[in-house]
Structure formats: structure tokens, C-alpha cells
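Enquirer: Okay, handing you the structure first.
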Amino acid sequence: MAAAFAFLGIFLTSLLVAELAALSLGDFFGANDEFVLVLAAVAAFAAFTTVVFAFCYSTMQRPRALNGIALLLALLTLALVAVPGLVGWIAAYSSNPFTVGDELVSIALELVIPALLAVLTQWGLVRRRYLRMTGEDDLTRWPWVTTVIAVFVVLNPIGLTFLLATLKRSAGDMMWPLVSAVTAGSVCALVVIAAIECYIRGRILRRRRGSYLPAASLQAGAHRA
């Protein structure tokens, strides 16, 4: 029962993160009638991934299995959007005349980014619960702080404007060098911050593991005596 409530909380947390990301993207792209289907698809995918993680949690023997499941779910997210049909079917419900021809890209982003955030959130929470239940250290090298910073930097009107202006270069756009420089600088800064955070987390992990080894050796010596 405790595990069921725990996974319900994990699902609701990931759903909140994913839907907030979808709402931010939908507001930026001027989503219309089709956005209800986007939100429903994101919620359905979050529920599906929760079931997958719950099954893996109850049957796995090593926490590394969660890493593989998370990677497969991320690839499945990209595959579902890349396969023709889903995005086009949702775009057919759009009634916004100002987004004609651009619905496919915007809907694909509204689906992919929230779904990936749902998978990432669930992976982190399920992994943390599993390691704590088994008495292991739940610290990971994944740069969670940088991830949160990146989400806030990108998923806002200013960040999305700079990103799309960099990707969609038009002829005669005199502002593109400045915009692309700001975007590239922001990406490089996030990469550097992520690398520093991973290094710090790795140092902490090594210290913790080193402190566990003497204790384990003393316990083994006491049993032998």
C-alpha cells in the first residue's frame, strides 16, 4: 500500500512538471483547440511510464535497470513523435489561422519536451526510493540543479524566442549574429555548470563510498573474530 501511494505521488509530481512545461510551450506557440489533445497525450504518456517504472521497481534486482528503462522510454518518446500520424492528427484540430504550416513543429515540441521531463522526473524519484529502501546511497551524478535551471531558462518566452530565432535563420536577418551568440553563450554556460555539478557530485560519491569501506572491513573482522 505504501508503494502504491508512493507511485501515485511520483505520477502526480511528474504530471505537474510535464503539464506546466506543455502549458508554457502552448502559450508561447499560440496553441488553440488542438492543445487539449496535447495535454491528454502528455498525461496518458506519464501514466504509461509510471506503470513501466512501477513494474521495473517491483521486479528488478539492480538499480541500473532503471537507467536502461528511462533511456528506452526517452527513445520511445522521440519515436512516437517521429512516426507520421500522431502529430498530424493533432494538428488537424488546430483552428488558429496564424499558425498554419507551423503546427507540426510546435506540437512536436509540446509533446516531446513535457514527455521527456516526465520520464526524467519519474526516473529520479523511483531511483531515489529504490536506493533508500535498500539502504544504499541515493546520490546520483545527474546534474539536477542544472536541469532545473535549464528548464527555467529555456521554457519561458524570452528563452524560447532566442532559441527559435537562432534555429530559424532568415535571409537578411541582421540580428541573428547577436541572437545566436546569446543562445550559444547560454548553452555553453549551462554545459559548464552541469560539468561542475557532475564533478562535485562525483567527489561526494567517492568520499561516501570510501567512508563505507572501513566500516564494512571492521564489521567483517569482528565477525571473523
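Each value in this text was obtained by applying a stated rule to the coordinates, not by laboratory testing. Given the structure is predicted, the values throughout are model-derived calculations rather than measurements. Using ideal geometry, Cβ is built from the backbone for each residue, glycine included, and neighbour counts are taken over all protein chains shown.
Enquirer: What is the spin-label model distance, in nm, from L104 to M174 if the labels are put 7 Å beyond Cα along the C-beta direction?
Expert: Simple spin-label model gives 3.4 nm for this pair.
Enquirer: I would also like to ask the following. Can you give the FRET efficiency to the nearest 0.05 for A4 and I158, using r as the Cβ-Cβ distance and R₀ = 30 Å?
Expert: That gives a FRET efficiency of 0.15.
Enquirer: Would you mind working out the magnitude of the charge dipole of the chain relative to its Cα centre, with +1 at each Lys and Arg C-beta and -1 at each Asp and Glu C-beta, to the nearest 20 Debye?
Expert: 1640 debye
Enquirer: Using alpha carbon centroids, what distance separates the stretch 20-39 and the stretch 117-132, in Å?
Expert: Cα centroid of the stretch 20-39 versus Cα centroid of the stretch 117-132: 26 Å apart.
Enquirer: Counting other beta carbons within 10 Å of each Cβ, put C56, C188 in order, fewest first.
Expert: Ordered by Cβ neighbours within 10 Å, fewest first: C188, C56.
Enquirer: Could I ask something else about it? Give me the one-decimal nm value for the distance between modelled label points at F48 and V83, 7 Å along each residue's Cα-to-Cβ direction.
Expert: Modelled inter-label distance: 0.8 nm.
Enquirer: Considering all alpha-carbon pairs of the chain, what whole percent are spaced by more than 27 angstrom?
Expert: 46 percent
Enquirer: To the nearest Å, what is the center-to-center distance of the stretch 45-115 and the stretch 149-202, using C-alpha atoms only?
Expert: 23 Å
Enquirer: Ranking M1, M60, M175 by Cβ neighbours within 10 Å, fewest first, what do you get?
Expert: M1, M175, M60
Enquirer: Which order do E34, E110 fall in if you start with the one that has the fewest other Cβ atoms within 10 Å?
Expert: Ascending Cβ contact count within 10 Å gives the list E34, E110.
Enquirer: Let me ask something else. Once phi is turned into θ = phi - 60°, what whole-Hz ³J(HN,Hα) does the Karplus curve with 6.51, -1.76 and 1.60 give for every residue of the stretch 10-15, x standing for Gly and Pro?
Expert: Calculated HN-Hα couplings, in order: 4, 4, 5, 5, 5, 5 Hz.
Enquirer: What list of ³J(HN,Hα) couplings, whole Hz, do you get for the stretch 118-132 from phi and the Karplus terms 6.51, -1.76, 1.60, once you set θ to phi - 60° and write x for glycine and proline?
Expert: Result, ordered by residue: 5, 4, 5, 5, 5, 4, x, 6, 5, 4, 4, 5, 4, 5, 5 Hz.
Enquirer: For M60 and V192 in the same chain, what is the full-extension length gain: residue separation times 0.36 nm, less their Cα-Cα distance, in nm?
Expert: 44.1 nm
Enquirer: Next question. When the helices in the chain are scored as -39500 (n - 2.57) per DSSP H run of 4 or longer and the sum is shared across all residues, what 222 nm value do you end up with, to the nearest 500 deg cm²/dmol?
Expert: -28000 deg cm²/dmol
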